[in-house]
1. Hey, if you put +1 on the Cβ of every Lys and Arg and -1 on every Asp and Glu Cβ in the stretch 459-617, which of L501, L597, L491 ends up farthest toward the positive end of that dipole?
2. Report for the chain the percent antiparallel among DSSP-assigned beta bridges with both residues inside it, nearest 5.
3. Please list E217, E158, E408, E369 from largest to smallest accessible area, probe radius 1.4 Å, with all protein chains kept in place.
4. Once label points are set 7 Å from the Cα along Cα→Cβ at both E672 and L343, what is their separation, rounded to one decimal in nm?
5. Can you tell me which of 520-530, 599-609 comes out highest on packing, and rank the rest after it, using the mean Cβ neighbours within 10 Å?
6. At a 1.4 Å probe radius, which order do F514, F264 fall into by accessible area, largest first?
7. I'd like to compare 127-135, 410-418: which one has the highest average count of other Cβ atoms within 10 Å, and what's the full order after that?
8. Take the Cα gyration tensor of the chain, multiply each eigenvalue by 5, square-root it, and list the three semi-axes largest first, rounded to whole angstrom.
Amino acid sequence: MAELSVITPIEYLRGVGPQKADVLKKELRIFTIGDLLQYYPFRYIDRTEFHKINTIHTAMIGAQVLGRLTGLQEKGEKRAKRLVGQFRDETGSIELVWFQSLTWLKKNLQVGAVYVMYGKPNEFNGQLSVTHPEMELLNSGEKKVGNQTMQPVYSSTEKLKKFNLDSKGIQKLQQTALETVYRALGDALPAAIITEHKLLSYPKALLAIHFPQNSEELNAAVRRLKFEELFFIQLRLLRNKQLNTLKYKGHRFRAVGERFNTFFNERLPFPLTGAQKRVVKEIRSDTNTGAQMNRLVQGDVGSGKTVVALLSMLIAIDNGYQACMMAPTEILAQQHYAGITALLGEGIARVSLLTGSTPTRKRRVIHQELEEGSLDILIGTHALIEDKVKFKNIGFVVIDEQHRFGVEQRAKLWRKNVVPPHMLVMTATPIPRTLAMTMYGDLDISVIDELPAGRKPIKTVHFFENQRLRVFGFMRQEIAKGRQIYVVFPLIKESEKLDLLYLEAGLENLQREFPMPTYQISIVHGKMTVKEKDFEMQRFVKGQTQIMVATTVIEVGVNVPNASVMVIENSERFGLSQLHQLRGRVGRGAEQSYCVLMSGNKLSKEGRTRLDTMVRTSDGFEISEVDLQLRGPGDLSGTQQSGILEMKIANLATDQAVLNEARNRVIAIFQEDPNLSLPKNQMLTDYLNQKSPGISWDKIS
Ligand code: ADP
Ligand code: MG
């Protein structure tokens, strides 16, 4: 039989066979011996430590005790039948309880003998007990006491358990796999890297992750495997970036021209912030290199991304190109259109709006003007991607609120010219550095980390339901000063009925407290048509209504400078980034703005942390860090479809240090050897040339 290796199909491993192989494939996506070996324990039981009975308590995950089984008794009847043992050491005694396999246990457990007992301590009727402990008879002839290692625990499923593949069963397979292929295990990392970063070799790390002798060894194994995982992700990302630069020529914007200058010198109503200037410069120099730009701009709500986009588009136009800007919702596209045309004024550029509700006749005109080249800037929604939309010469694409669009949609825009246009992706959802480096590792990243001068920080306060009257009083005061107020209710798809109930009850309450005709209320929710929503929005924008009651449809981008209070109902039901986005709707004018977080009187610990964080800080980057710690990378908004975040062992919430180490190493490698042609980097080239299943490494991420 040929020698087995990590690429051998799992069914050839001793002890597996076709049936187990089948369930391993279906349940755990384990196809090869290598896949199995990369199925790591999710925790370990520390069996290196023994406890005395008088020191164990219910907060322990598990306790190991050396003691004597001093009694064994069957109790209860029929279904309640159980076996109760007395277990003692010199410090006290504890009850052991079994509900299953009673016949076997009665036959095999020896009263009077010394055992190593392991299990989770519980309390029942004030008495400490352990249910279904593991019992290991202490053989006086053996030197080894108990199972003195860190015991791996693998997660399993009901189906797997039917095939004896519970945690123990998987552990057995791991042992067989390691015995079988250990000597054939290679190392994907070059030796120099292993030495310099003081890493365990791959075989040693694998052995130690499955069968660690102690926690130091386990830590070393974990570090090595995390480093490797992050290193290869970064290697691919940075390699892609490099290849794109070589492969895709970009439109070269040689000079800033008249339109940019006219706008900048004569029309722009405010000076740019330092951060805005920096980002415009970055874009300016990117687009002048002859390579195609892929840049992500992260900036908090209100940091002024739109102007940056507009200035960039004007540079494109000055160089004879067209530009477009895509937003995720109709309202937002309309607002961009209104904002940009107002800023530009007459005579600088021709701008049109294209959305799903643009009438056919108008649409035809736009299509034609685009193809002729008489239209300079097209602003719109998904409607921009349609194949019918053809540009004469598109050179610059802006995508706002990037996380709402998938890779495929971006790729479509990319293909709208023979030479792909420059891409500027803007997001108001700041994400932590570790995530940005991984999700967008092959994009250039700009950060607008400064708000326009003169903005007063928004005051955020948290009120409980029973303080509601005070909140109403405050709202009246603000309205009397001429301000407008948002009141937002949660919209969570799983419980639409509940949401609507909240909204209706809340609305009734508001209508009673703020009666017509003194007060006017706008209402916007998901069940309304675009037209209805727009009508209501417009009433609020024009100041005809003082209160806007909404579900989170206003989340993205809406701009009403006179609105100075944001009341968020049931705020404990919102995620941090949503709360942050909502708060960003106010604080856009010159007045002091407020965010009022209403919550029920009872809060979960996490809910409490979220609200406290909101009260403490308004820095989107800081908030996103807390969010990452609370929820982990996969659940942050904007990361859901990112296969790249499904890591086997690394965790972006906690592994910043290893990530930096790995990424810096990759950067250094490319600096020294851009084409990876040095012999010492041969292994890396080999690695990159293999196909990696699962992740689609599109040319843009
Ligand atoms: P966002 O980054 O959330 O998209 P916007 O581009 O909508 O922010 O800008 C928010 C508001 O700030 C707009 O009214 C815009 O005109 C204004 N603004 C942008 N830049 C500046 C600046 N440098 N100084 C003063 N106001 C600015
Ligand atoms: Mg915006």
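The values are calculated or read from the model by the stated rules, or taken from the named source; none is laboratory data. Nothing here was measured: the structure is a model prediction, and the numbers come from that model. Heads up, the Cβs are rebuilt from the backbone with ideal geometry, glycines too, and the neighbour counts pull from every protein chain shown. The accessibility values were calculated without ligands, DNA or RNA, using every heavy atom of the protein model including side chains. Shrake-Rupley method; radii C 1.70, N 1.55, O 1.52, S 1.80 Å.
1. Projecting each Cα onto the dipole axis, the largest value belongs to L597.
2. On the way: 34 of 88 bridges.
Taking every DSSP beta bridge with both residues in the chain, the antiparallel ones total about 40 percent.
3. Details: E217 65, E158 135, E408 100, E369 30 Å².
In descending accessible area the options line up as E158, E408, E217, E369.
4. Here the answer is 4.5 nm between the modelled labels.
5. Working: 520-530: 16.5, 599-609: 12.8.
Going from most to least packed, we get 520-530, 599-609.
6. Details: F514 5, F264 80 Å².
Listed by decreasing accessible area, they come as F264, F514.
7. On the way: 127-135: 18.0, 410-418: 16.3.
In descending order of packing, they fall as 127-135, 410-418.
8. 56, 37, 21
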